[in-house]
Ligand SMILES: Nc1ncnc2c1ncn2[C@@H]1O[C@H](COP(=O)(O)OP(=O)(O)OP(=O)(O)O)[C@@H](O)[C@H]1O
């Protein structure tokens with residue numbers, strides 16, 4: 001690797017330039033990843049740099065050739081043979097440059113793409129390990145921005161940036177060497193004086209460009225977020241004729257993005273134009289002083305021509321160096337953000353020492369004094385105690401917001417319960433291996449998310465080796481089989497993003513089929529029958545009798561008919577377990593459950609009438 005970018009210097013550059021406290025909290029994961037990649041591919045880098053070096057050494061010969069040609073012309077010694085020879089020389093220089101520069105360009109470009117892939121793979125794998133609460137606090141647009149723009153910025157610095165940097169440095173050195181070699185030391189020194197101001201310009205503009213770039217990225221994230229949300233809610237927006245509200249909101253975000261980006265463009269443009277300005281001043285000095293030296297015959301005309309051509313060659317790498325510094329500054333900010341992301345620790349960790357997978361029975365016991373969400377000090381669940389054995393069904397009912405979903409989320413540790421409060425097979429869930437625990441639970445959330453793939457793949461998602469037979473059986477149990485058969489492509493029917501082609505009830509039943517297919521000892525249905533009609537609900541519940549044999553089933557429902565036959569029903573009120581028992585016991589108690597049941601019976605009779 002080029003000395004200017006040796007590992008330590010690169011790391012220092014990244015963190016000195018981003019003097020941000022969060023870099024101390026998070027180990028430089030992204031920098032390590034980058035540095036490891038470069039170390040593993042140093043052979044490739046050496047080849048690229050050597051190729052670029054050779055290309056530059058070849059290309060700097062052309063001004064010299066033209067200078068000699070001019071001298072021959074001035075001396076009146078130019079003939080056809082010389083013209084042919086010099087032309088051939090220039091063609092060979094051009095071909096040599098193209099070949100070696102092309103090799104260098106291809107190598108660095110290829111490594112940049114590989115690095116981009118590596119970063120995205122790491123990011124995605126890492127996100128998969130993080131807890132749900134992490135995603136509650138982050139926006140999708142922000143995460144996508146990291147995966148796309150930050151990774152791209154690092155890739156650009158590492159491929160295009162390094163390429164341009166080595167190209168510029170080699171060309172600059174070779175050209176300066178040839179300049180000193182061709183004309184007087186004084187002319188070269190005076191002409192390159194303005195170039196000495198380049199570092200000052202860079203130091204002044206660098207941090208400003210970086211801040212402007214960060215703000216532009218942040219505003220872009222917020223715009224991506226809003227677009228995502230608006231597309232998800234497109235049906236609601238149209239149904240309520242709120243297109244104007246959505247468009248205006250979007251326009252505001254776009255305005256912010258535009259003003260932040262223009263700010264960045266202004267900073268970048270000023271920065272980038274100052275560097276060639278320095279080069280142009282050098283050119284003026286060379287013309288004035290070099291012209292004087294030529295007129296007074298202190299240097300040959302050919303040397304003067306060659307010198308001005310070298311100077312023109314030098315201006316380009318100087319501008320490139322400006323671009324590269326800009327690229328590296330952006331990449332350093334991106335690298336820091338990626339390090340923060342990759343250094344993020346999951347809140348829910350596997351504390352089990354068990355190495356072999358264990359199979360769970362499905363007995364559940366909960367004795368919870370209280371539970372509050374992370375970052376909140378208000379208890380959401382209080383005084384809850386119950387047990388269900390394998391093969392039994394638990395019904396959980398209660399007003400909206402009473403804590404039903406929260407309670408079942410503690411079982412697979414979507415959120416961590418306090419120690420010694422939630423047990424499966426007599427073991428604290430916090431001490432069971434996460435993979436064992438979660439494989440033992442089949443969970444249908446309220447919003448049974450569907451992927452934009454075929455219905456068959458959506459159902460088969462829960463079991464990697466599921467056959468079409470298994471998928472069809474699960475679909476029958478979830479009462480979605482007949483609906484699927486009516487689609488022209490059956491199980492191969494592709495559903496739109498989040499299943500827009502399916503009705504609410506069909507989506508719920510597809511999600512239920514997915515859970516049935518998993519065939520886990522604990523099955524949780526979180527209010528996922530709300531969009532199906534009473535008849536279908538009855539069918540699914542009766543099919544459950546077959547499915548729930550030898551497994552523990554938890555049904556959360558607002559419609560009490562769904563839990564009527566459960567072995568145990570618990571009633572939550574504002575997070576507190578206020579009643580528990582079978583349907584008959586709760587009816588006899590005459591409490592909240594009995595009142596809710598009577599009301600619902602009355603409602604369904606009125607509807608039937
Ligand atoms: N991630 C979270 N962080 C903080 N509070 C939360 C979180 N999720 C839910 N809550 C709060 O916990 C309480 C219980 O919510 P929960 O979703 O468990 O109720 P629920 O009984 O399932 O409601 P519903 O019947 O409407 O689905 C609510 O006050 C809710 O605002």
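The values are calculated or read from the model by the stated rules, or taken from the named source; none is laboratory data. Model, not experiment: these values are computed from the prediction. Here Cβ is always computed from backbone atoms with ideal geometry, including for glycine, and neighbour counts include all displayed protein chains.
Side notes on the structure shown:
- Residues of segment 359-397 satisfying the condition of being within 16 Å of the ligand (Cβ to nearest atom), modelled with pLDDT under 90 and on the phi > 0 side of the Ramachandran plot: 375
- Test: residue in segment 511-523 that is within 16 Å of the ligand (Cβ to nearest atom), assigned by TED's automatic domain parsing to the domain that holds residue 469, under 30 Å from residue 458 (Cα atoms) and touching a residue at least 12 places away in the same chain (Cβ under 8 Å): yes
- Residue 557 fulfils the conditions (1) over 18 Å from residue 441 (Cβ atoms); (2) in contact with a helix residue (DSSP H, G or I) (Cβ under 7 Å, 6 or more places away or on another chain) except for a single criterion, (2).
- Filtered by the rule that a residue be closer than 17 Å to residue 424 by Cα and free of Cβ contacts under 8 Å to residues at least 60 places away in the same chain, segment 354-369 gives 366, 367, 368.
- Among (1) over 24 Å from residue 399 (Cα atoms); (2) modelled with pLDDT of 80 or more; (3) in the same structural domain as residue 370 (by TED's automatic domain parsing) - the single one residue 558 does not satisfy: (1)
- Verdict on residue 85 being at pLDDT 90 or above and either in the same structural domain as residue 219 (by TED's automatic domain parsing) or within 16 Å of the ligand (Cβ to nearest atom) (or both): yes
- Residue within segment 560-581 that is away from the ligand (no atom under 16 Å from the Cβ), under 16 Å from residue 404 (Cβ atoms), outside any strand (DSSP E or B) and in contact (Cβ under 8 Å) with a residue 60 or more places away in the chain present: yes
- Only residues that are surrounded by 13 or more Cβ atoms within 10 Å (Cβ to Cβ) and either over 31 Å from the mean Cα position of the chain (by Cα) or closer than 18 Å to residue 218 by Cβ (or both) were counted in segment 267-276, giving 6.
- Any chance residue 478 is under 23 Å from residue 542 (Cα atoms), at pLDDT below 90, crowded, with 21+ Cβ neighbours inside 10 Å and more than 16 Å from the ligand (Cβ to nearest atom): yes
- Selection of segment 414-434 for residues being under 29 Å from the mean Cα position of the chain (by Cα) and either free of Cβ contacts under 8 Å to residues at least 24 places away in the same chain or closer than 16 Å to residue 525 by Cα (or both) yields only 414.
- Top-ranked residue in segment 409-465 [being part of a strand (DSSP E or B) and more than 16 Å from the ligand (Cβ to nearest atom); ranked as farthest from residue 396 (Cα to Cα)]: 454
- Residues of segment 109-139 that are part of a helix (DSSP H, G or I) and within 16 Å of the ligand (Cβ to nearest atom): 132, 133, 134, 135, 136, 137.
- Those residues of segment 521-531 which are modelled with pLDDT under 75 and within 18 Å of residue 476 (Cβ to Cβ), in sequence order: none
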